[in-house]
1. Within the range 40-53, which residues are outside any loop (DSSP other than H, G, I, E, B) and either surrounded by fewer than 24 Cβ atoms within 10 Å (Cβ to Cβ) or out of contact with any helix residue (DSSP H, G or I) (no Cβ under 9 Å at 6 or more places or on another chain) (or both)?
2. Across the range 17-39, what is the number of residues that are open to solvent by 40 Å² or more (accessible area, probe 1.4 Å) and under 18 Å from the mean Cα position of the chain (by Cα)?
3. Any residue that is at pLDDT 95 or above, outside any loop (DSSP other than H, G, I, E, B), touching a strand residue (DSSP E or B) at 6+ places or on another chain (Cβ under 9 Å) and open to solvent by 40 Å² or more (accessible area, probe 1.4 Å) - is there at least one of those in the range 233-245?
4. I'd like to check something: does the range 139-152 contain any residue that is surrounded by fewer than 19 Cβ atoms within 10 Å (Cβ to Cβ) and more than 19 Å from Gly94 (Cα to Cα)?
5. Of all residues in the range 59-87, count the ones that are closer than 18 Å to Ile5 by Cβ and of a type in the set (Ser, Thr, Tyr).
6. Within the range 92-128, which residues are on the phi > 0 side of the Ramachandran plot and open to solvent by 20 Å² or more (accessible area, probe 1.4 Å)?
7. For a quick check of your reading: which strands (runs of 3 or more DSSP E) sit entirely within the range 141-232 and have at least 1 residues that are out of contact with any Pro (no Cβ under 9 Å at 6 or more places or on another chain) and under 30 Å from Thr80 (Cβ atoms)?
8. Can you pull out every residue in the range 77-114 that is in a loop (DSSP other than H, G, I, E, B), farther than 20 Å from Asn14 by Cβ and either aromatic (Phe, Trp, Tyr) or within 17 Å of the chain's Cα centre (by Cα) (or both)?
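The values are calculated or read from the model by the stated rules, or taken from the named source; none is laboratory data. All values derive from a computational prediction rather than experimental measurement. Note: ideal-geometry Cβ built from the backbone for every residue, glycine included; neighbour counts use all protein chains shown. In case anyone asks, the SASA skips ligands and DNA or RNA and just uses the protein heavy atoms, side chains included. Shrake-Rupley method; radii C 1.70, N 1.55, O 1.52, S 1.80 Å.
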Amino acid sequence: MTINIVALLPTLQNTNGDAENAVVLARRAGWAGLDARVVGVDARDELPHRVDAIVLGSGSDSALEVSRAALLTMHDELRTWATDGVPILTAGTGWELLSWGIERADGSGVEGLGILPGRAVPSRARVTGDLVITSPKFGVLVGFENHARDYVGAEGSPLGRVRSGRGNGRESGQEGVVMGSVFGTHLHGPVLAKNPVFADHLLELAARRAGDEYVRGARAELVDGYAAAAREAQLATTRASASVTVA
């Protein structure tokens, strides 16, 4: 059976290349001998008959209202997928739109869909740079953060603890949020290309929904060596930066 991987709002929500996380999942599924396809969905009537995994990336603040309106048409489906265990990966403003809401620096706000706990609030300044976290489930995860808001109200369910970078901010030491099979993160990159253990977990869930079993393929083992080298280079950079700061 074909694994349907939905890239939600790829036209609006792909500022940091996060929609390509769907391609990472499909490619790894193919290397495992599974049939998988990426379905770009910008409107509700484009949804496939069965959804096995969802990726929702980050967009610009100018697209917040338009993206929210589109997601609202799929609100019932999103809640059902979250309850049914469909793996949903959200990044940046895509994550914020599924939260309780977004507060802007000018005092205005955008009501979220309420699927993930917490809300986005203005930071003192935009945060950009390497982000490294330790996740109890996935080990060390690396990526790049680029956001102007902190995230509060999800203290009990983070994706991991910050080793380098800011993450959710407000001195929480935490990054991301997890609720069942729904993940929110500031990690860009796209995150699944640099962190194959995270990708494989989502694929295991997606394959199970499609009646298949995911076992990492030989090609993935080769490619993961490149990912490991990229991860180590980023970790070395953050260690060097920390040493300079301490000195």
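1. Residues of the range 40-53 outside any loop (DSSP other than H, G, I, E, B): 40-41, 44-46, 53.
Residues satisfying the conditions are Gly40, Val41, Arg44, Asp45, Glu46.
2. The qualifying residues number 4.
3. Step one: filter the range 233-245 for residues at pLDDT 95 or above, giving none.
No, the conditions are met nowhere in the range 233-245.
4. yes
5. 1
6. Within the range 92-128, the first condition is being on the phi > 0 side of the Ramachandran plot, and the residues that meet it are 92, 101, 107, 114, 118.
Selection gives Gly107, Gly114.
7. On the way: elements: 160-164, 177-179, 182-185.
Passing ranges, in order: 182-185.
8. Our first condition is that a residue be in a loop (DSSP other than H, G, I, E, B); within the range 77-114, this holds for 85-87, 92, 98-100, 104-108, 112-114.
So of that shortlist, the ones also farther than 20 Å from Asn14 by Cβ come out as 85-86, 100, 104-108, 114.
Matches in the range 77-114: Gly85, Val86, Trp100, Gly114.
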